[in-house]
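Asker: My questions will all concern the structure given below.
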Amino acid sequence: MDKEQVFEAVKVAYKALDDKMGIDIKVIDISNVSPIADYFVIASASNSSQLRALAETVEEELYKKCNIEKTHTEGMQTKSWILIDFNDIIVHLFNEEDREFYNIERIWGDGEIIDEAKLK
């Protein structure tokens, strides 16, 4: 996928999380700071049921609208931090307590946080 297609997929992931009431959704462009992906999409959930629903929804929407399948998933059993790898996009879903503890936005602070207006 080219950079534009990847960004369109990021917007689909953002909207899917927003539609399912994901909390404090952030997108970080890490393409200039790491070879592992182009974007991180990060969101929180208020409980384990919502966390799982967010994961399932983002997987479904990226496949349905962009024909993108996940390559790897971690944490579906723990229900505190779910990571879904779509190659160019990595989605991190946290319960609120773990998100605050791991503070992934600070760790990847050299990346560019994408303005919410560009994602809608």
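Asker: Of the conditions (1) modelled with pLDDT under 95; (2) under 17 Å from Lys118 (Cβ atoms), Val10 satisfies every one except a single condition; which number is it?
Answerer: All conditions are met except number (1).
Asker: Moving on to the next point. Inside region 64-120, counting only helices (runs of 4 or more DSSP H) that do not spill past its ends, which hold 1 or more residues that are more than 17 Å from Leu17 (Cβ to Cβ)?
Answerer: Once the helices (runs of 4 or more DSSP H) in region 64-120 are filtered for at least 1 residues that are more than 17 Å from Leu17 (Cβ to Cβ), what remains is 96-102, 104-107.
Asker: Report, ordered by the first and then the second residue, all pairs with beta carbons closer than 9 Å, sequence separation of six or more or different chains, a first member in region 84-109 that is among the small types (Gly, Ala, Ser), and a second member that is part of a strand (DSSP E or B).
Answerer: Correct list of pairs: Gly109/Ile28.
Asker: Could you grab the pairs with beta carbons closer than 6 Å, sequence gap of 6+ or different chains, first residue in region 35-48 and at pLDDT 95 or above, second one part of a loop (DSSP other than H, G, I, E, B)?
Answerer: Note: pairs meeting the criteria are Ala37/Asp88; Asp38/Ser31; Asp38/Asp88; Phe40/Ile30; Ala43/Gly22.
Asker: Is it true that some residue in region 24-31 is in contact (Cβ under 8 Å) with a residue 24 or more places away in the chain, closer than 16 Å to Asn67 by Cβ and not β-branched (Val, Ile, Thr)?
Answerer: Within region 24-31, not a single residue is in contact (Cβ under 8 Å) with a residue 24 or more places away in the chain, closer than 16 Å to Asn67 by Cβ and not β-branched (Val, Ile, Thr).
Asker: Which of the numbered conditions does Leu54 fail, given that it passes all the others? Conditions: (1) part of a loop (DSSP other than H, G, I, E, B); (2) at pLDDT 95 or above.
Answerer: Every listed condition holds for Leu54 apart from (1).
Asker: Report yes if Asn95 is surrounded by fewer than 17 Cβ atoms within 10 Å (Cβ to Cβ) and of a type in the set (S, T, N, Q), otherwise no.
Answerer: Criteria not met by Asn95.
Asker: Here is a further query. Can you name the number of the only condition in (1) under 23 Å from Lys3 (Cα atoms); (2) in a helix (DSSP H, G or I) that Ile42 fails?
Answerer: Only one criterion is unmet by Ile42, namely (2).
The values are calculated or read from the model by the stated rules, or taken from the named source; none is laboratory data. Because the structure is a prediction, the values reported are computed rather than measured. A quick note on method: Cβ atoms are made from the backbone with ideal geometry, for glycine too, and the neighbour counts reach across all protein chains shown.
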